[in-house]
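The values are calculated or read from the model by the stated rules, or taken from the named source; none is laboratory data. Everything numeric here is computed off the predicted structure, so don't read it as measured data. A quick note on method: Cβ atoms are made from the backbone with ideal geometry, for glycine too, and the neighbour counts reach across all protein chains shown. Each accessible area value is taken on the protein alone, full model and side chains, heavy atoms only, with ligands, DNA and RNA left out. Shrake-Rupley method; radii C 1.70, N 1.55, O 1.52, S 1.80 Å.
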Amino acid sequence: MTSPALATVAASGRSGSSAFLGALGGLALAGAATLAYGHFIELNNFKIRQERLALLPAGSPDFRILHISDMHMIPGQERKIAFMNSLASLEPHLVVSTGDNLSHLDALPDLLRAMDPLLDFPGVYVPGSNCYFAPVMKNPARYLWKQNTGSEALEEERAALPTAQMHQAFDERGWVDLINRYETLNLSGLRLEFSGVDDPHLNYDQHPGFSPTAFEADPSPSLRLGVAHAPYLRTLDRFVADGAQLIFAGHTHGGQVCLPGGRALVSNCDLPPQRASGVSYQGDVPVQVTAGLGTSRFAQVRLFCPPEAVLVTLTAAS
Ligand SMILES: [Fe+2]
């Protein structure tokens, strides 16, 4: 026969475990709801972030640069295509694309449809690893703890994306590749010098530097830009040492799954996570890192980190 005391303990044990199971169920439901929000809502909650940087000589007119990156296009992403089409209304003087354009072997037609109106504007581009190799299935949470040495992608068997066709399509529309290349453009009276590198995440980067004699006899305003996919610190330091006055990069996805307030936990490289999106400084040089417009097709969730394009307006220094 069970004593009243034991019966009370057994009853409280049963109510304790059902409370625990209830809490666990609640947590699981909240987790599922959060993931559903991150996949169905935030993934398509496209934003335009606006930045103003006073980098031009006094008296210069404003100069608008549209920065796009990390589209990770998959066939059928119509909302992303519509958003990217709409960016043409910003009428940028220049488009800077910092790579990771594809996330599927058959996505090139949709990528070009998304970029079509933007290819009417002057543009420069560098590739990321997801311009060369299709993604492979892996634990998405690995993004949060893996070490980023810059050589990871070479260890994997990844199918080749149509890189050459994509770059040919850009080139045919007049865009300029900065794949380990130095280039100059004169746009709206502004002399632009570019030093671009292939993806540092793949260790493909070889810095061309800037020319000390470019535009030597031209007194009009000028600016030196460094452009890379992945903002590894060695890459930023080298741009600064070479004389860059503004740097553009993507790759980080802004941390992709962030804490409330957009606080990034990771940058997917050795850049401190608090610099995973926005304008930060390497020495005195502004570094514009975008959270990008997409995610890997195998990790389609964003939290407190909406996809973005960035309009950087260069203004005259006072
Ligand atoms: Fe990316």
Note to self: Criterion first (part of a loop (DSSP other than H, G, I, E, B) and touching a residue at least 40 places away in the same chain (Cβ under 8 Å)) does residue 244 satisfy it?
What the structure shows: yes
Next item on the list: Take the stretch 227-250 and flag every residue that is open to solvent by 10 Å² or more (accessible area, probe 1.4 Å) and either polar (S, T, N, Q) or within 16 Å of the ligand (Cβ to nearest atom) (or both).
Entry: 245
Next item on the list: Could you run through the stretch 277-297 and say how many residues are within 16 Å of the ligand (Cβ to nearest atom) and among the hydrophobic types (A, V, I, L, M, F, W, C)?
Entry: 3
Next item on the list: Filter the stretch 151-166 down to residues that are touching a Leu at 6+ places or on another chain (Cβ under 7 Å) and part of a helix (DSSP H, G or I) and give me whichever is modelled with the lowest pLDDT.
Entry: 153
Next item on the list: List every residue pair whose Cβ atoms sit under 6 Å apart, with the two residues 6 or more apart in sequence or on different chains, where the first one lies in the stretch 84-100 and is touching a residue at least 40 places away in the same chain (Cβ under 8 Å) and within 16 Å of the ligand (Cβ to nearest atom) and the second, anywhere, is aliphatic (A, V, I, L, M) and in a helix (DSSP H, G or I).
Entry: 84/114
Item checked: Qualifying residue in the stretch 260-272 (condition: within 15 Å of the ligand (Cβ to nearest atom) and of a type in the set (Val, Ile, Thr)) -> yes
Note to self: For the stretch 251-272, give me the residue count where each residue is surrounded by fewer than 19 Cβ atoms within 10 Å (Cβ to Cβ) and on the phi > 0 side of the Ramachandran plot.
What the structure shows: 2
Notebook entry, point to check: Somewhere in the stretch 212-223, is a residue aromatic (Phe, Trp, Tyr), crowded, with 19+ Cβ neighbours inside 10 Å and touching a residue at least 24 places away in the same chain (Cβ under 8 Å)?
Noted result: no
